[in-house]
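Worksheet for the structure shown next.
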Amino acid sequence: MCILIDCDSLEQVPQTGRYRFMDLSPEAEAEYAAESFKQIMQEVGPKLLPPNHPLVRYCQGVAGRIVTSAGLGLVVPGTTHGVHPQRKMRWGSEDMDDGEAGFGNKMTDESIWEIFVINDPDTPNAFVLPGKKIFVFTGILPIAGDDAGLATVLGHEIAHQVVRHGAERMSQMKALMILGWIIDFAIGIDVGITRSALTLFLQLPNSRAQESEADRIGLRLMAQACFDPREASQVWVRMTEMEKKQAGGWLSGVDFISTHPSSVKRIHVRNPTPKQSSN
């Protein structure tokens, strides 16, 4: 697929060595992220907990421990307009506020992560937008269970951002669209059928690969922050139990038509191998 588009866009994920197609620049990624952020704010804005809410502070603390220990920057409560005051800081700037003086140097825009907590107990989910914006639904907190469980969830989302999975998905969508057009032109199959087949056999498996990769990198990040990665499996045990309840007591563990590996399989995810960790 990369030969049809641009071989220079084939790269390896540094943390795991996995090859992938990536042709979206950080600048274009930022534009997509800004538009997505606006849409999300329209949908969940009224449900956002205020920055000083205990749950926001709790999530900020766990995420901050992961981000700081990995040398990735600083986590602050998110703002609805998407530009936190601390994003104005630059290395060597004279306008750093007194609260940041202890760092010795000022943080750059790229060093600031923002966390948003959405008051929705019925949605057990969390996600990250390019631009280091982490969203946590309150419904995931009972499944997380404790600090290590929340670190499992947040480490996973931080990993998505670190390896630019969002940009990879957008690159893949572009590649699949072009490949679909070529197949349609070459053999005359209906475009809808072609895209459905490509989604089933290429896009969904790659999405599951990204999720598994984020699981493994997330384990490494949480361990680096001194959270016990052995506790991560309990998160997926609780997620499996929740999924069983929602499915009326039946759960197949099949992930063929899913974007994520089944929770049953994720219970057995372990830290990356030494070879992977050295990449």
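Values quoted throughout were computed directly from the atomic coordinates according to the rules given, and no laboratory measurement underlies them. None of the values given here were measured: they were computed from a predicted structure. Cβ atoms come from the backbone with ideal geometry, glycine included; neighbour counts cover every protein chain shown.
A few points about this structure:
- Counting 0.36 nm for each residue step from THR68 to ASP228 and taking away their Cα separation leaves a gain of 55.9 nm.
- In this structure, the amide hydrogen of THR123, modeled 1.01 Å from its nitrogen in the peptide plane, lies closer than 5 angstrom to those of GLY139, counting only residues at least 5 positions away or on a different chain.
- The magnitude of the dipole of segment 10-84, with charges of +1 and -1 set on the Cβ of Lys/Arg and Asp/Glu and taken from the Cα centre, is near 480 debye.
- Listed peptides 129-136, 225-232 by packing density, highest first (mean Cβ within 10 Å): 129-136, 225-232
- Each residue, ASN52 and ALA28, gets one label point 7 Å from its Cα in the Cβ direction; the gap between the two is 4.4 nm.
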